[in-house]
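> So that we are looking at the same thing, I have put the structure below in structure tokens.
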Amino acid sequence: MHNLLVYLYPCILYNHAMPETFIPKRPVVTAYPRMPEAFAEAEAMSVYLPKQLTDEQVSVVVRRVISDSGANGLADMGKTIGAVKSELGNTADGSVIARLVKQELSEG
């Protein structure tokens, strides 16, 4: 695998075409032997991560922040997202917050 990357990196970096004769006889990427261990490690670490809020719980906070700040329109979207993130911390995904804020501001 290392030899393949050493060969391909300059081709990609300098936008060179790969020679047509370079066709691997077998798949370049093989099965990862540590995959089950990696999943077990990820599951063990998930115990220490904060529990994520549901969309409904985040939506309640988004509505309250919008009404408290008086935000109206998509121009206030960044300010509203920042306020919601500061209130919820890392218990909600940023993309979920942004989607719900955009949805609420575009409706109102």
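Read-outs: derived from the displayed coordinates by stated rules, not from any lab. From a predicted model like this one, the values you see are computed outputs, not experimental measurements. Cβ coordinates were reconstructed from backbone atoms using ideal geometry, including for glycine residues, and neighbour counts include every protein chain displayed.
> In whole Hz and in residue order, list the ³J(HN,Hα) couplings for region 69-81 that follow from phi through the Karplus curve 6.51 cos²θ - 1.76 cosθ + 1.60, θ = phi - 60°; x for Gly and Pro.
Values, residue by residue: 8, x, 5, 9, x, 6, 5, 9, 5, x, 4, 5, 4 Hz.
> Could you state the principal axis extents of the C-alpha atoms in region 60-108, from the largest down, to the nearest angstrom?
26, 19, 17
> Net charge near Arg99, counting Lys/Arg +1 and Asp/Glu -1 over other residues with Cβ under 12 Å of its Cβ?
-2
> Once phi is turned into ³J(HN,Hα) by the Karplus curve 6.51 cos²θ - 1.76 cosθ + 1.60 with θ = phi - 60°, what whole-Hz value does each residue of region 51-56 show in order, with x for glycine and proline?
Karplus values, whole Hz, x for Gly and Pro: 5, 7, 6, 7, 4, 5.
> Between beta-carbons, use under 14 Å as the cut-off and find the net charge around Ser59, counting Lys and Arg +1, Asp and Glu -1.
Once all neighbours under 14 Å are counted, the net charge is -2.
> Next question. Using a cut-off of 14 Å between beta-carbons, work out the net charge of the residues near Glu87 (Lys and Arg +1, Asp and Glu -1, Glu87 not included). Show your work: numbers first, answer last.
On the way: positive: Arg63, Arg64, Lys79, Lys85; negative: Asp68.
My count for the surroundings of Glu87 gives +3.
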